[in-house]
Every structure is written in C-alpha cells, then in structure tokens.
1. At 10 °C and a viscosity of 1.306 mPa s, what translational diffusion coefficient does Stokes-Einstein give for segment 8-137, taking Rh as the Kirkwood radius over Cα pairs? Give it in µm²/s as a whole number.
2. Given the Cα-Cα distance of residue 62 and residue 44 and 0.36 nm per residue of separation, how much length would full extension add, in nm?
3. Could you work out the relative contact order of segment 25-139? I mean the mean sequence separation of Cα pairs under 8 Å and 6+ apart, divided by the number of residues, in percent.
4. Place a point 7 Å from Cα of residue 37 in the direction of its Cβ. Which residues in segment 109-124 have their backbone N less than 14 Å from it?
5. Can you order the peptides 91-98, 117-124 by their average number of other Cβ atoms within 10 Å per residue, highest first?
6. Just how far, in whole angstrom, is segment 51-69 from segment 75-100 if you go by their alpha carbon centroids?
C-alpha cells in the first residue's frame, strides 16, 4: 500500500442479477470440478454501478470451493465516475462466501484514473454480499 496516499474506506453491498456456472473440467475421478461462472451484479453504497465478472472455481466433494475472478465495475466511487477492474480471490465454506480483492493498477478510467485499493466481501449463499474497499488515488 502507498503509505503517503490519503485512504478512504468505502462500504456497501452487491446485488447479484445473474449467476451462470458452467463446468469446464470434471474429467478426474475423485477430483474437484472446475467451473467458470459468469456474473452480473450491482454495487450499492459508497460504490455505485454495475459489475461484470468471470470467476474460475474449484468445487470440492464436501461442497466447499475456492475461486479467483476478474470484474469490471462501471459507475462511481463517491463523486468520481468511471470504471475500474477488481481482482478477487475467495472461498466458500459451509454457506459463507468470503474473499479479498484489489483494484488492478492502471485499470481506472475517467475520473477513476489512478484508483488503487484493497478490500473484501462476505455473504451467505443466496444473499447480498457486504463489501468494503480502502482506496486512494495515485498521482
């Protein structure tokens, strides 16, 4: 983290509109399925706008899973408008989905150019995710 930058703490939630999983490899007996998941969602709170994400997930036989993803968010943070990309990594344990994310360097557009940050999310399956992002702008 850039310790010289002014950090702002943003909170909010995500409402998922579409969740489309497709298994792309289940060819190893006793091994986990590999799934690609297409997601569209809305951000509400300090971050507003729409997100389009692709996740790759490894689902284990016990129902738990690990995933990574990339998501473009188009909207606003505070009074700044533009878009940016989040890189995600997380897990599903029991009925709880949680993860961490960071803003991909150089991905901000418009008034969000120079955006950097890191945070995370948590949700119970089938419910809206609670999110946070500690962010700053590079000069």
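Where a number appears in this text, it was derived from the coordinates with a stated rule and is not lab data. Note that this is a predicted model, so its numbers are computed, not measured. So basically every Cβ, Gly included, is an ideal-geometry build from the backbone, and we count neighbours across all protein chains shown.
1. 105 µm²/s
2. Separation in residues times 0.36 nm, less the Cα-Cα distance, equals 3.2 nm.
3. 16 percent
4. 121-124
5. 117-124, 91-98
6. About 14 Å separates the Cα centre of segment 75-100 from the one of segment 51-69.
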